[in-house]
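Report on one structure; see the data block that follows.
The values are calculated or read from the model by the stated rules, or taken from the named source; none is laboratory data. Computed from a predicted structure; not experimentally measured. Note that each Cβ is placed from the backbone with ideal geometry, even for glycine, and that neighbours are counted across all protein chains shown. Just so you know, the surface numbers come from the protein's heavy atoms only, side chains and all, with ligands and any DNA or RNA stripped out. Shrake-Rupley method; radii C 1.70, N 1.55, O 1.52, S 1.80 Å.
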Amino acid sequence: MSQSFVQYLENKNLSKNTINSYTFSLGQFRRLYHNKFNRKTLRQYKMHLLENYSAKTINLRIRGVNCYLEFIRKEKFKLSTVKVQNKNFLENVISEADYEYFKKKLKQNNVFWYFVVRFLAATGARVSELIQIKAEHVQLGSLDMYSKGGKVRRLYIPIKLQKETLKWLEMRQIRSGFVFLNRFGARITPRGISSQLKQLALKYGINSKVVYPHSFRHRFAKNFLAKYNDIALLADLMGHESIETTRIYLRKTSMEQRQIIDSVIDW
């Protein structure tokens, strides 16, 4: 991969994940079409994407290739993205009942994972943010996260969770450094967290499709709006650039929609 293209992406202040995605898209195109960038090969690439990927992934791949076309000054060949059909419900969000049950089982049998789940659901943290939490942040009750645009978002640790975590850390004789470590004493990875949560879901008889790190962030947002209906504040707490992103939490999950339909419609 051209290092100069990576540098170009870094200069655009893109996140590491976005850069990896864009370079993957470019590598995929090059493998399929032998590095020939013209209208024909680009149309063929788009057709390949349409036949094999979801609209969200298609647009991500197209944005990566388009960014490279800008880099090599062939903007006239840029591809148009596809329309993403927005759903009128939230998918695969753990229910409040399953969350409470999962939390109870973990507290009884897997205390470390109890705190992983508690922090995700009680702070709204992304998994990449969760693994940055240190004992010092728990003592303070918050930590400041810096976005790629240089903005600061404060992640608050609710007082009840803070007190409970401090007792747990004291038992483990942890007074400084990262909280969520693997058995080797290194920070646990997002992939490791996702994998273990799936296994624990299966162990306790919960649908594994709704047990993944971001599901608990969704749960945080749903619960927050149910108890304190301030969507602008929620957008700030979750670090959303636009309040429109946050509005999805005003919608019901598909399960909630089904329950309403079943209880209301009798004709």
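Quick notes
- In the set (1) open to solvent by 50 Å² or more (accessible area, probe 1.4 Å); (2) assigned to a loop (DSSP other than H, G, I, E, B); (3) more than 22 Å from MET145 (Cα to Cα); (4) not aromatic (Phe, Trp, Tyr), GLU241 fails one condition alone, (3).
- Looking at the range 1-107, the helices (runs of 4 or more DSSP H) lying wholly inside it that each contain 2 or more residues that are open to solvent by 60 Å² or more (accessible area, probe 1.4 Å), free of Cβ contacts under 8 Å to residues at least 12 places away in the same chain and closer than 30 Å to LYS222 by Cα sit at 16-33.
So that you can scan it fast, the table gives a plain yes or no per residue for (1) in a helix (DSSP H, G or I); (2) within 15 Å of the chain's Cα centre (by Cα); (3) surrounded by 14 or more Cβ atoms within 10 Å (Cβ to Cβ); (4) touching a residue at least 60 places away in the same chain (Cβ under 8 Å):
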position	(1), (2), (3), (4)
GLU170	yes, no, no, no
GLN173	no, no, no, no
PHE184	no, no, no, no
GLN196	yes, no, yes, yes
HIS218	yes, yes, yes, yes
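- Any hit, the range 145-155, residues being modelled with pLDDT of 95 or more and open to solvent by less than 50 Å² (accessible area, probe 1.4 Å): no
- Cβ-Cβ under 8 Å pairs, at least 6 apart or on other chains, the range 235-257 side under 25 Å from LEU143 (Cα atoms) and among the β-branched types (Val, Ile, Thr), far side at pLDDT 80 or above and not in a helix (DSSP H, G or I): THR246/HIS240
- Of the numbered criteria (1) within 15 Å of GLY124 (Cβ to Cβ); (2) part of a helix (DSSP H, G or I); (3) under 18 Å from the mean Cα position of the chain (by Cα), the one LEU233 fails is (3).
- Residue list for the range 142-193, restricted to those being touching a Gly at 6+ places or on another chain (Cβ under 9 Å) and among the aromatic types (Phe, Trp, Tyr): TYR156
- Within the range 141-150, if we keep just the residues that are touching a residue at least 12 places away in the same chain (Cβ under 8 Å) and out of contact with any helix residue (DSSP H, G or I) (no Cβ under 7 Å at 6 or more places or on another chain), the residue that is farthest from GLU241 (Cα to Cα) turns out to be SER142.
- Some residue of the range 152-159 being in a helix (DSSP H, G or I) and not basic (Lys, Arg): yes
- Test: SER254 is within 23 Å of TYR101 (Cα to Cα) and either open to solvent by less than 20 Å² (accessible area, probe 1.4 Å) or small (Gly, Ala, Ser) (or both): yes
- Single residue of the range 198-216 satisfying the filter (aromatic (Phe, Trp, Tyr) and either surrounded by 18 or more Cβ atoms within 10 Å (Cβ to Cβ) or under 12 Å from the mean Cα position of the chain (by Cα) (or both)) that is modelled with the highest pLDDT: PHE216
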